[in-house]
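Please treat every number below as a calculation from the coordinates, not as lab data. Model, not experiment: these values are computed from the prediction. Don't worry about glycine lacking a Cβ; one is built from the backbone with ideal geometry, like all the others, and counts go over all protein chains shown.
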Amino acid sequence: MKMPPHVLSYVRRLGRLPAYVYDLPGLRAHAEAIRNALRAPSAAGGPELYYAAKANADAPILRVLDPFVDGIEISSGGELVHVRRTLPHARLAFGGPGKTDQELRLALDLNIDRIHVESPHELHRIAALERPAGILLRANLPFATSGAALSMSGPFGMDEDALETCAKLVSERPWLRLHGIHAHLASGLHAPAMLDLASRILDWALPWLRDRCGITEPEVNVGGGMAVDYTAPDTLFDWRSYAEGLASLTPPGVRLRIEPGRAVTAYHGWYVTDVLDVKNTRGDTYVVLRGGTHHLRTPVTKGH
Ligand SMILES: *Cc1c(COP(=O)(O)O)cnc(C)c1O
């Protein structure tokens, strides 16, 4: 998105660079537009909105988003403590592989709403705490997604065998409350591909939750990954058609949830720095900035 004039004039007055600059009124309007799309009458029965804090967990950003989201997804003990302190009443979901026992205990102490379980071993460790815990099982489903910028297979979530193991374990541990399935399978998809993915997740998850786990009012979290096109920043994800499509896929009694990160915040933040030099070396042009690649690690690594 082009930098709005009020941000540009602010940046011109900045004494020290580099800086990350956020347009909070712009972010508020964008979050409200997403919320309105999800709550439109034509999308009745559509999804709840969680914000994936890893996209940007700065406290002022969380406070701007708070009125427009149903909860926050966090994926480390540090994020958990920070988000709980910033938004004491927000519903929180704890995702991501590599949770320590200490972090799991902390999550229950801090009244986390859902834990997204990544493996049978993790579920055993949660069960061993012998405390009430609301969980979703994170599924790693073999759905090819062409056009995805990033596919979340590999170590993320569980295959069908591991999910079976978890279903059995849950049934023997009454203090564990299984609510449904979580599946964040790809990122960088536009609305039609995201809807196709969501429909395949639901086609698998709903019968499994009903027949295997006896859950009559299941929750399904279909993840984030809504496209942010870095080469065409004025082309926004089509939240309205996505919300309407999801609503039409969701049978009564099913609670659907999404957890986008970047598509919520990316358009209202900028990395601002000075160009110190532009040089040509052996036919290639290099722009030398004040700053280092650790300031823009993801775009550098992913070649955005
Ligand atoms: C990264 C991540 C998200 C958010 O992804 P975006 O591409 O920023 O929307 C949501 N859920 C999980 C589990 C993630 O790892």
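Below, the figures for the structure above:
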quantity	calculated
Gain in span if fully extended, Tyr20 to Lys168, counting 0.36 nm per residue against the direct Cα distance	48.5 nm
Relative contact order [Cα under 8 Å, 6+ residues apart], region 130-214, whole percent	41
Virtual spin-label span in nm between Val287 and Ala128, 7 Å along Cα→Cβ	5.2
Computed FRET value (nearest 0.05) for Arg255 with His6, which takes r as the C-beta separation and R₀ as 30 Å	0.15
Relative contact order (%) - criterion: Cα under 8 Å, at least six apart; region: region 166-231	49
Positive minus negative residues near Ala43 (Lys, Arg vs Asp, Glu; Cβ under 10 Å)	+1
Angle between the chain longest axis and helix 160-171 axis [Cα atoms, degrees, rounded to 10]	60
Cα gyration tensor, region 232-271 - rounded (a/c under 1.5), prolate or oblate	oblate
Helix-only CD estimate at 222 nm, as mean residue ellipticity for the chain, using -39500 (n - 2.57) per DSSP H run (n ≥ 4)	-10500 deg cm²/dmol
Alpha-carbon Rg/Rh ratio, for region 1-78, with Rh computed the Kirkwood way	1.06
For the chain, Kirkwood radius (reciprocal of mean inverse C-alpha pair distance, Å)	20.7
Set of region 91-107 residues, backbone N closer than 16 Å to the point 7 Å along the Cα-Cβ line of Lys54	93-100
Simple spin-label estimate for Glu32 and His190 in nanometres, 7 Å along Cα-Cβ	2.8
Footprinting exposure proxy for Cys213, Cys166 (fewest neighbouring C-beta atoms within 10 Å first)	Cys213, Cys166
Centroid-to-centroid separation of region 236-304 and region 6-32 [C-alpha atoms, Å]	16
Length-normalised contact order of the chain in % [C-alpha pairs under 8 Å, at least 6 apart]	23
Cα pair distances exceeding 25 angstrom across region 72-230, given as percent	30
In Hz, Karplus ³J(HN,Hα) per residue of region 182-197 (6.51, -1.76, 1.60; θ = phi - 60°; x = Gly, Pro)	10, 8, 10, 9, 7, 9, x, 9, 7, 4, x, 5, 5, 5, 4, 5
Packing-based order for 233-243, 42-52, using average beta carbon neighbours within 10 Å, highest first	42-52, 233-243
Inverse mean reciprocal Cα-Cα distance (Kirkwood Rh) of region 202-304, Å	17.8
